[in-house]
Amino acid sequence: MSRLDTKKPSLCKSEPLTSERVRTTLSVLKRIVTSCYGPSGRLKQLRNGSGGYVCTTSQSSALLSHLSVTHPILKILTTSVQNHVSSFSDCGLFTAILCCNLIENVQRLGLTPTTVINLNKHLLSLCISYLKSETCGCRIPVDFSSTQILLCLVRSILTSKPACTLTRAETEHVSALILRAFLLTIPENAEGHIILGKSLIVPLKGQRVIDSTVLPGILIEMSEVQLMRLIPIKKSTALKVALFCTTLSGDISDTGEGTVVLSYGVSLENAVLDQLLNLGRQLVSDHVDLVLCQKVIHPSLKQFLNMHRVIAIDRIGVTLMEPLTKMTGTQPIGSLGSISPNSYGSVKEVCTAKFGSKHFVHLIPNEATICSLLLCNRNDTAWDELKLTCQTALHVLQLTLKEPWALLGGGCTETHLAAYIRHKTHNNPESILKDDECTQTELQLIAEAFCSALESVVGSLEHDGGEILTDMKYGHLWSVQADSPCLVNWPDLLSQCGCGLYNSQEELSWSFLRSTRHPFVPQTCLSHEAVGSVSNLTLDCLTAKLSGLQVAVETANLILDLSYVIEDKN
């Protein structure tokens, strides 16, 4: 019998945020996510010490999933961000940086956690109310009858991911493809509740990005030899489809949902093969044109179907089962018994296609709500990052369809929001405090910490030593290069604000970010004429940004409220 170790007592640490180790660890995490932020963010290489796959990225989803985090406080923060990203895909780095900044700024104030948390909640509510209001100066409507704003939204996501290594022409091409792929998933005659289709990303690595394309329907990769064996079908009507989710290989250990009944002395293998051939006869008599199988089809059954001019494609995999079900209208067949007529579906046409060195069977649907985005890039690393970015962009477009608004990007929403909060807390503190047991001084301190946290997120966009300014009219962000002369007329040096909506030729005055200045009210009620006149805006997804803001503040409040960390060391 092995010796049993004495159970160790749990390790209990009070006031974890006062620990120098915790502060240092949070600071390291903040530096990692901050250095990844924005179009000029620095890439990170993540690898296991013993070798294996190397991930090169600046995206929060890939970054946090590859980071090994052990401290409970960091686990709370990274898990919160990952949960946000899994639901909204975008604004993960924004959420992580803002959360770290809030914790760091508030710790310097010396106020009680109860006061800080209470006021943070009020400021969060103020931000969300303003960003959702009609008077918001950084929110614009998204018109789905025009592609202009939608393309800007997709383009903004692509340009913020430098590991995709796209040129300007490639960015425009991929943006248009993503938008087309998304629009193909919207049913043509949709009324009321819309059920969107699906965009499948098909890999084609080692090819030019400009060779990427979108096709309605589904591409199933096959070898050239298999493709040559397929019998072309020409029909004026739709092709009848049967989709199997069980094996048709004759493997006795996997009979799906059915059973095999044998008489004494009969060969098991022959009985199963006879049942497969009986299944084939039913498919032929039901005038099925195309048989698709998730797993393997027995060679004899394949030959039988080919003799009767039925296309049989196997090994399609579990990934394509849901899209195929949705596109063809089939009910996946899980047994070798009699097939219900309601289980069959249809496709408009079956043809072959070749892209690069790969060969495909192309299933063209009757109604195109399923499409294939054939995605090319120069190497594996850039392709992996581009795939993740395209998935993010497609999800953002879905969120925008539900809530057709966008926020001005490039840091302009954050600086505008900071100016709005400062003005509100300075000129109308009573509307925020109401009946709470907090003083105006405490409100001013927390509001400044909150605004400084927002502005620090904006400061993270600059990685090359340049300066960031804000104008005193709109509260937008303006960037100045590091090698610019000190004494200069600002309009001569500045071109456009971060989102691209305003230019420096207007009568504006500027101040450095985080410099001491009197609170001012930024101009609200964004002009639709101003938005319509600009073709290349930088935009953020409203839904994702609001969630990121909420998750950052609530996670910071949770961490600030921790009194003890209890760890079981057994």
Quiz item: Condition test on S175, is it touching a residue at least 24 places away in the same chain (Cβ under 8 Å) and assigned to a strand (DSSP E or B)?
Solution: no
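Would you point out which residue out of E455, E462 is in a loop (DSSP other than H, G, I, E, B), under 33 Å from the mean Cα position of the chain (by Cα), crowded, with 20+ Cβ neighbours inside 10 Å and in the same structural domain as T115 (by the TED database)? Let's see the steps before the verdict.
Details: E455 fails: in a loop (DSSP other than H, G, I, E, B).
Result: E462 is the single residue among E455, E462 that is in a loop (DSSP other than H, G, I, E, B), under 33 Å from the mean Cα position of the chain (by Cα), crowded, with 20+ Cβ neighbours inside 10 Å and in the same structural domain as T115 (by the TED database).
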Quiz item: Limited to the stretch 3-47, what total is found for residues that are among the polar types (S, T, N, Q) and either in a strand (DSSP E or B) or farther than 22 Å from I566 by Cβ (or both)?
Solution: 6
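Results for (1) surrounded by fewer than 18 Cβ atoms within 10 Å (Cβ to Cβ); (2) not assigned by the TED database to the domain that holds A271, shown as yes or no for each residue.
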{"residue": "P323", "(1), (2)": "no, no"}
{"residue": "S335", "(1), (2)": "yes, no"}
{"residue": "I339", "(1), (2)": "no, no"}
{"residue": "S343", "(1), (2)": "yes, no"}
{"residue": "V361", "(1), (2)": "no, no"}
{"residue": "T381", "(1), (2)": "no, yes"}
{"residue": "E385", "(1), (2)": "no, yes"}
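So that you can scan it fast, the table gives a plain yes or no per residue for (1) assigned by the TED database to the domain that holds R42; (2) at pLDDT 85 or above; (3) surrounded by 15 or more Cβ atoms within 10 Å (Cβ to Cβ):
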position: N503; (1), (2), (3): yes, yes, no
position: H518; (1), (2), (3): yes, no, no
position: T524; (1), (2), (3): yes, no, yes
position: S527; (1), (2), (3): yes, no, no
position: S533; (1), (2), (3): yes, no, no
position: A544; (1), (2), (3): yes, yes, yes
position: Q550; (1), (2), (3): yes, yes, yes
position: V553; (1), (2), (3): yes, yes, yes
position: N557; (1), (2), (3): yes, yes, yes
Practice problem: Among the residues of the stretch 335-354, count how many are in contact (Cβ under 8 Å) with a residue 40 or more places away in the chain and either part of a helix (DSSP H, G or I) or touching a Cys at 6+ places or on another chain (Cβ under 8 Å) (or both). | Solution: 2
Quiz item: For L537, all conditions in the list (1) in a helix (DSSP H, G or I); (2) under 30 Å from P404 (Cβ atoms); (3) modelled with pLDDT of 90 or more; (4) open to solvent by less than 30 Å² (accessible area, probe 1.4 Å) hold save one; what is the number of the exception?
Solution: (1)
Quiz item: Restricting attention to the stretch 146-168, does a residue exist that is assigned to a loop (DSSP other than H, G, I, E, B), modelled with pLDDT under 95 and within 26 Å of T524 (Cα to Cα)?
Solution: yes
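Being surrounded by 15 or more Cβ atoms within 10 Å (Cβ to Cβ) and at pLDDT 80 or above is the filter here; which residues of the stretch 217-238 pass it?
If we filter the stretch 217-238 for residues that are surrounded by 15 or more Cβ atoms within 10 Å (Cβ to Cβ), which is where we start, we get 217-222, 227, 230, 238.
Listed by number, the residues that qualify are G217, I218, L219, I220, E221, M222, L227, A238.
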Practice problem: Tell me which residues, restricted to the stretch 264-304, are closer than 28 Å to V361 by Cα, open to solvent by less than 20 Å² (accessible area, probe 1.4 Å) and part of a helix (DSSP H, G or I). | Solution: L276, L279, G280, L283, L301
Quiz item: Within the stretch 191-226, which residues are outside any strand (DSSP E or B), out of contact with any His (no Cβ under 8 Å at 6 or more places or on another chain), aliphatic (A, V, I, L, M) and closer than 24 Å to T392 by Cβ?
Solution: I194, I195, L196
Quiz item: Of everything in the stretch 124-147 that's over 24 Å from the mean Cα position of the chain (by Cα) and crowded, with 20+ Cβ neighbours inside 10 Å, which residue is farthest from L501 (Cα to Cα)?
Solution: C136
Quiz prompt | Among (1) open to solvent by 40 Å² or more (accessible area, probe 1.4 Å); (2) part of a loop (DSSP other than H, G, I, E, B); (3) modelled with pLDDT of 75 or more; (4) more than 18 Å from Y420 (Cβ to Cβ) - the single one S479 does not satisfy | solution = (2)
Quiz item: What are the residue pairs meeting all of these: first residue in the stretch 26-42, first residue of a type in the set (F, W, Y), second residue open to solvent by 30 Å² or more (accessible area, probe 1.4 Å), Cβ atoms under 7 Å, and 6 or more apart or on different chains?
Solution: Y37/L461
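The values are calculated or read from the model by the stated rules, or taken from the named source; none is laboratory data. Just so you know, these numbers come straight off a predicted model, no measurement behind them. Note: ideal-geometry Cβ built from the backbone for every residue, glycine included; neighbour counts use all protein chains shown. Surface accessibility is based on the protein's heavy atoms, side chains included, excluding ligands, DNA and RNA. Shrake-Rupley method; radii C 1.70, N 1.55, O 1.52, S 1.80 Å.
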